[in-house]
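Bear in mind that the values in this text are calculations on the coordinates, not laboratory data. Since the structure is predicted, the reported quantities are computational estimates derived from the model, not experimental observations. When we count neighbours, we look across all protein chains shown, and the Cβ atoms used for this are built from the backbone with ideal geometry, even at glycine.
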Amino acid sequence: MTAAQRGRLSFRTVYGGPGIPGGTITELKRLQIALRDLEWGYDYDLFVTVGGDLTVVSEPTGLHRPRVRLAARTASGELRFNSDEVLRGNDPATMLRSGVLEALGMLVDRVAARDPEFDADADRALITRLRDAGPAVQTLSG
């Protein structure tokens with residue numbers, strides 16, 4: 001993939017009810033905005049389900065149904081956030097950032113296993129930078 005063809009991260013979100021704290025919604029939107037302009041080796045697309053009081057996600061937070069389409073240079077999956085973590089958590093920024101970066105890491109590993117020309121180290125290094133940046137993630141995209 002040339003520099004002009006660099007991949008992007010995108011995600012769509014479904015919230016599981018009106019009881020989800022406003023801080024969680026705000027932080028997820030902030031994270032989405034901060035990450036959307038970063039350049040990746042593939043296009044990554046996450047469908048994010050934030051468990052709540054109506055749509056309950058009882059399994060641990062994590063990536064489900066990961067897929068890699070080599071010809072389209074796209075990796076995707078569903079990231080589900082556990083309802084209890086969302087409804088009772090007191091640090092939504094850390095919870096959301098950790099979940100998104102963990103899911104991205106899993107997608108990078110999946111692409112690396114299937115595409116020998118993929119520069120997985122570059123995407124892993126970006127994920128590490130994002131983890132190290134903590135709440136200051138937004139400074140990396142601008």
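Each helix, a run of at least 4 DSSP H residues, gives -39500 (n - 2.57); summed and divided by the residues of the chain, these come to -13000 deg cm²/dmol at 222 nm.
For LEU79, the residues whose modelled amide H falls within less than 5 Å of its own, excluding neighbours fewer than 5 places apart on the same chain, are PHE47, VAL48, THR49, HIS64. Taking θ as phi - 60° and the Karplus parameters 6.51, -1.76 and 1.60, the scalar couplings of the stretch 63-69 work out to 8, 10, 6, x, 9, 10, 10 Hz in sequence order, x denoting glycine and proline.
Given [x] 26, 17, 12; [y] 22, 16, 14; [z] 26, 20, 15 as candidate values of semi-axes √(5λ) of the Cα gyration tensor in Å, which corresponds to the one derived from the coordinates? Here the calculated entry is [x]. Positive end of the dipole of the chain (Cβ unit charges, origin at the Cα centre): among LEU101, GLY19, LEU9, the Cα lying farthest that way belongs to LEU9. Scanning the chain for long hydrophobic helices, with DSSP H runs required to stretch 30 angstrom or more by C-alpha along their axis and to average at least 0.0 on the Kyte-Doolittle scale, returns 92-114.
Computed 3J(HN,Hα) for the stretch 14-20, one whole-Hz value per residue from the Karplus formula 6.51 cos²θ - 1.76 cosθ + 1.60 where θ = phi - 60°, is 10, 9, x, x, x, x, 5, glycine and proline marked x.
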